[in-house]
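Remarks on the structure that follows.
The values are calculated or read from the model by the stated rules, or taken from the named source; none is laboratory data. Computed from a predicted model, the values in this text were never measured in an experiment. Note that we place each Cβ from the backbone using ideal geometry, even for glycine, and neighbour counts take in every protein chain shown.
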Amino acid sequence: MTCPAAVAWLFPLITGDHRVIICAQQTIFACRYLRDRELQREINAALNVAESWNAGNAVIHYGKGGDIPGNRRDEQELTVLCLRVLQASVSFLNTLLIQDVLAEADLHLTAEDQRAITPLFWSHIAPYGEVTLDMTRRISLSNDAIPSSGGQAGT
């Protein structure tokens, strides 16, 4: 497929000179990607993070091999919405964990290190087995425990 044909398929409302500009930008990026090893590593690292996160989604939604069951649209939508809530919860918890680590340590991060920090990890999640919840206590992610309504400190 030639560049104008690809652009026409992706952007049917774009015509004429705009297609040429988009093709030129794509060609420039492709040449830069082929020339710049650091850019290749950065893109590859970002792809690895996304693939790892997708593997985590398969662990979270493990029923029927990660497939969304059923033919009923309302059940499928509910399943996808529940998965999104779990994804957002894990990302939020991971963000809090990262913030605590960065606040405790006297770290001097480079720009590259800062770009590498992501809340998209799931290695600390135990998908199988027993999980004990204590709903009378709050989760404390830092050394400063947040007291619950009962006056107890969380752990």
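Is the range 59-70 home to any residue that is aromatic (Phe, Trp, Tyr), modelled with pLDDT under 70, within 23 Å of Phe121 (Cα to Cα) and out of contact with any Cys (no Cβ under 6 Å at 6 or more places or on another chain)? There is at least one residue in the range 59-70 that is aromatic (Phe, Trp, Tyr), modelled with pLDDT under 70, within 23 Å of Phe121 (Cα to Cα) and out of contact with any Cys (no Cβ under 6 Å at 6 or more places or on another chain). Among the residues of the range 98-155, the ones that are modelled with pLDDT under 70, of a type in the set (Ser, Thr, Tyr) and loosely packed, with under 10 Cβ neighbours inside 10 Å come to 2 in all. So which pairs qualify, if the first residue must be in the range 53-64 and polar (S, T, N, Q), the second must be surrounded by 11 or more Cβ atoms within 10 Å (Cβ to Cβ) and at pLDDT 75 or above, the Cβ gap must be under 9 Å, and the two must be at least 6 apart or on different chains? From residues that are polar (S, T, N, Q), the pairs are Asn57/Leu83; Asn57/Leu86; Asn57/Gln87; Asn57/Trp122. Within the range 88-108, the set of residues being under 13 Å from Pro119 (Cα atoms) and of a type in the set (Gly, Ala, Ser) comprises Ala88, Ser89, Ser91. For the range 16-46, the set of residues classified as of a type in the set (Val, Ile, Thr) and either under 25 Å from Phe121 (Cα atoms) or touching a Leu at 6+ places or on another chain (Cβ under 6 Å) (or both) consists of Ile43 only. Those helices (runs of 4 or more DSSP H) of the range 16-104 in which at least 1 residues are among the basic types (Lys, Arg) and within 24 Å of the chain's Cα centre (by Cα), considering only elements entirely within it, cover 37-60, 73-104.
Figure legend. Inter-residue proximity from the range 129-150: first residues of a type outside the set (A, V, I, L, M, F, W, C), second residues at pLDDT 70 or above, beta-carbon distance below 6 Å, spacing 6+ or different chains. Indicated pairs: Ser142/Asp100; Ser148/Arg137; Ser148/Arg138; Gly150/Thr136.
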